[in-house]
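The values are calculated or read from the model by the stated rules, or taken from the named source; none is laboratory data. None of these values were measured; they are calculated from a predicted model. Here the Cβ positions follow ideal geometry from the backbone for every residue, glycine too, while neighbour counts run over all protein chains shown. When the accessible area is computed, the model is the full protein with side chains, heavy atoms only, and any ligands, DNA or RNA have been set aside. Shrake-Rupley method; radii C 1.70, N 1.55, O 1.52, S 1.80 Å.
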Amino acid sequence: MSETEKCAIFVDGGYLSKIIKKYFKSIPLDYLKFSNKICFDLNLNRLRTYVYHCLPLIRKGNNEDIERKVNMEKFLAKLRRLARFEVKLGKLQLIGNQFKQKMIDVLMSLDIATMSYENQIQHIILIAGDADFVPAIKKAKDYGVIVHLYYHPSAVHNEILDEIDELHEINDELINNCKTD
């Protein structure tokens, strides 16, 4: 691979947050270090990192929800100020007793397909585990883009694993190398 090959990193923020909390003891992750480490390891130039997330819902009379939202707004504001980072927001909905992200998969898929079609990048680095990305992955591959998946083996759908060009596990070494100082 030549150093001139460009990539874009697409991060499902909810997915990455969950696996860091569940499998890596909530280690504070430096997203810029994380992006740069991935690109260094793959010998690629990063055009941009896109982080897709949702602001927490505030339920009436729930002060913890207010605190969560304030913290998320601060976190996203820091991400927006990082070099070549862009934050895109979906919506969070309470369905039954579970919070569900809405629009994240569609926003990411549209960006993946558009950037691939416009030949802005030669590599896509996807940090997600959801099979809903399979059509976008197939379209990117149709346009000649190499698709990498960074995932945790305990939190990924088999369908997405079957479509990816190159698989990379998110492991202790990667997370520990990208901790916030």
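Yes or no: residue 154 in contact with a helix residue (DSSP H, G or I) (Cβ under 6 Å, 6 or more places away or on another chain) and either open to solvent by 70 Å² or more (accessible area, probe 1.4 Å) or in a helix (DSSP H, G or I) (or both)? No; evaluated as a whole, the condition is false for this residue.
Would you say residue 35 is within 17 Å of the chain's Cα centre (by Cα) and either over 29 Å from residue 94 (Cβ atoms) or buried (at least 19 other Cβ atoms within 10 Å of the Cβ) (or both)? Yes; evaluated as a whole, the condition is true for this residue. Restricting 149, 161 to those that are buried (at least 20 other Cβ atoms within 10 Å of the Cβ), in contact with a Leu (Cβ under 7 Å, 6 or more places away or on another chain), of a type outside the set (S, T, N, Q) and at negative phi reduces the list to 149. Checking the structure you have, find out if any residue of the range 174-181 is over 15 Å from residue 16 (Cα atoms), open to solvent by 60 Å² or more (accessible area, probe 1.4 Å) and charged (D, E, K, R). Within the range 174-181 (the criterion being over 15 Å from residue 16 (Cα atoms), open to solvent by 60 Å² or more (accessible area, probe 1.4 Å) and charged (D, E, K, R)), the answer is yes, since at least one residue qualifies. Which residues, counting only those in the range 78-117, are under 15 Å from residue 56 (Cβ atoms), part of a helix (DSSP H, G or I) and free of Cβ contacts under 8 Å to residues at least 24 places away in the same chain? Residues satisfying the conditions do not exist here.
Could you tell me whether the range 137-144 includes any residue that is closer than 18 Å to residue 7 by Cα, part of a loop (DSSP other than H, G, I, E, B), of a type in the set (D, E, K, R) and out of contact with any Asp or Glu (no Cβ under 7 Å at 6 or more places or on another chain)? Among the residues of the range 137-144, not one is closer than 18 Å to residue 7 by Cα, part of a loop (DSSP other than H, G, I, E, B), of a type in the set (D, E, K, R) and out of contact with any Asp or Glu (no Cβ under 7 Å at 6 or more places or on another chain), which makes the answer no. Scanning the range 10-35 for residues that are among the β-branched types (Val, Ile, Thr) and closer than 11 Å to residue 179 by Cβ turns up 20, 27.
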